[in-house]
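Notes to accompany the following structure.
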Amino acid sequence: MSAFPHAEAGMARSPDYILVSAPPPVVLAYGIDVDSTALLVELEARGEAPDLVLSADPGAEKPETYAYQEMMAAWMAARGIPYEIVRYVPRRFKHWPPYYSILANVLTNATLPSISLGRHSCSLKWKVAPQDAYLRDWAPAQTAWSRGQKVVRLIGYDASPADSRRYAHASAIDDPLFECRYPLREWGWTRDRCVARIVSAGLPVPPKSSCFFCGAIRPDEVRALPSWCLRLIVLIEARAEPRLRSVEGLWRRSTKTKPGKITDFIRAERLLPEAEIAAIRRDAPTNLIRFQDAASLVPVSERPTMEAWIATFNAGLMEAE
């Protein structure tokens, strides 16, 4: 007997089908910096644009970073690349006014960002966590996970020594939901190569991305800040000062090259008038505490937010309260 009985009977053999799952979605974590911008530009040029570009906004980036982000959002829109901006949203405020940025967070709690306290949890809370939360509700990700796939997350680490150290740490993490890839490292691109790629695309090179009061900010970056940012730096340090024990301010401890307090640098460089610095240190923390105390008497749904108080402070109207 033939091994193919259907052929013996003169019957047509049904074709075989191989079921191939759709590829998992690809998401670019866009930090609005040199590396991730170069990666985005090159992927688009190769016809391999990601299915989604995702940025997390901590609410306190430098003004020039927000301007660059707006320009790149238009660039992506013109090329049909989906782009989303996400934010960390606190859910419990106890007796505090609600807050929705890292700036309002440190002012509410009379503290400094974690990097100034010797820790590095800012990015996890204000950048990584909100992106993960968004993707958990993103339909293409849910579909991929239901198929047993991992979502591909593209990270802009280049082949320079500094990013090699970051890569060594990140690549050792086994995430059940995401497969992280590092195309710049696969291509052997250094930071200089990334800068050249951005320029060749006719785009300006992005500024260094960080919060304007980050403890890692350099003196020349402080000099370039607008006065409203400088005023808030003075306020942050004044507000946290009574609770500080092991550090002096945002720059932690004084060295031969810079003071521990950025306020002292602002004063020495005459970036703000001395009278304005003194007035902020004397009056603003007390006004803020008074505002918080008043807010605590109001139901959460009716409380004014910390952002509202900050807007008033930035407008220079605190003296009228």
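The values are calculated or read from the model by the stated rules, or taken from the named source; none is laboratory data. Quantities reported herein were computed from a predicted structural model and do not represent experimental measurements. Neighbour counts are summed over all protein chains in view; Cβ atoms, including those assigned to glycine, are modelled from backbone coordinates with ideal geometry. Only protein heavy atoms, including side chains, enter the accessible area calculation; ligands, DNA and RNA are left aside. Shrake-Rupley method; radii C 1.70, N 1.55, O 1.52, S 1.80 Å.
Per-structure values
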{"item": "Near pairs, Cβ below 9 angstrom, 6+ apart or cross-chain, from the range 50-64 (under 13 Å from Pro226 (Cβ atoms)) to any residue that is modelled with pLDDT of 95 or more and of a type in the set (D, E, K, R)", "result": "Lys62/Glu221"}
{"item": "Leading residue by the ranking (surrounded by the fewest Cβ atoms within 10 Å (Cβ to Cβ)) among those in the range 163-180 that are small (Gly, Ala, Ser) and assigned to a loop (DSSP other than H, G, I, E, B)", "result": "Ala172"}
{"item": "Test: Pro63 is in contact with a helix residue (DSSP H, G or I) (Cβ under 8 Å, 6 or more places away or on another chain), of a type outside the set (A, V, I, L, M) and under 25 Å from Pro285 (Cβ atoms)", "result": "yes"}
{"item": "Pro90 at pLDDT below 90, of a type outside the set (A, V, I, L, M, F, W, C) and surrounded by fewer than 20 Cβ atoms within 10 Å (Cβ to Cβ)", "result": "yes"}
{"item": "So Ser114, is it within 30 Å of Ala284 (Cα to Cα) and small (Gly, Ala, Ser)", "result": "yes"}
{"item": "Residue list for the range 225-267, filter: in a helix (DSSP H, G or I), buried (at least 19 other Cβ atoms within 10 Å of the Cβ) and in contact with a Ser or Thr (Cβ under 8 Å, 6 or more places away or on another chain)", "result": "Ile233, Val234, Glu237, Ala238, Ala240"}
{"item": "Given (1) over 18 Å from Leu154 (Cα atoms); (2) under 14 Å from the mean Cα position of the chain (by Cα), number of the condition Val86 does not satisfy", "result": "(1)"}
{"item": "Pair list, Cβ under 8 Å, 6 or more apart: the range 198-215 residue within 26 Å of Ile102 (Cα to Cα), other residue open to solvent by 40 Å² or more (accessible area, probe 1.4 Å) and among the basic types (Lys, Arg)", "result": "Gly215/Arg252"}
{"item": "Top-ranked residue in the range 197-224 [being over 19 Å from the mean Cα position of the chain (by Cα) and open to solvent by less than 20 Å² (accessible area, probe 1.4 Å); ranked as farthest from Arg290 (Cα to Cα)]", "result": "Ile198"}
{"item": "Test: Asp163 is within 20 Å of the chain's Cα centre (by Cα) and of a type in the set (Asp, Glu)", "result": "yes"}
{"item": "Residue within the range 76-85 that is closer than 17 Å to Gly59 by Cα, without any contact (Cβ under 8 Å) to a residue 60 or more places away in the chain and open to solvent by 20 Å² or more (accessible area, probe 1.4 Å) present", "result": "yes"}
{"item": "Among the residues listed as Arg270, Arg282, the single one being part of a loop (DSSP other than H, G, I, E, B) and either within 28 Å of the chain's Cα centre (by Cα) or more than 13 Å from Ser116 (Cβ to Cβ) (or both)", "result": "Arg270"}
{"item": "Qualifying residue in the range 288-304 (condition: touching a residue at least 60 places away in the same chain (Cβ under 8 Å), surrounded by 14 or more Cβ atoms within 10 Å (Cβ to Cβ) and within 29 Å of Gly118 (Cβ to Cβ))", "result": "yes"}
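Residues checked against (1) touching a strand residue (DSSP E or B) at 6+ places or on another chain (Cβ under 6 Å); (2) modelled with pLDDT of 90 or more:
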position	(1), (2)
Pro113	no, yes
Leu117	no, yes
Cys122	no, no
Val128	no, yes
Asp132	no, yes
Gly148	no, yes
Arg153	yes, yes
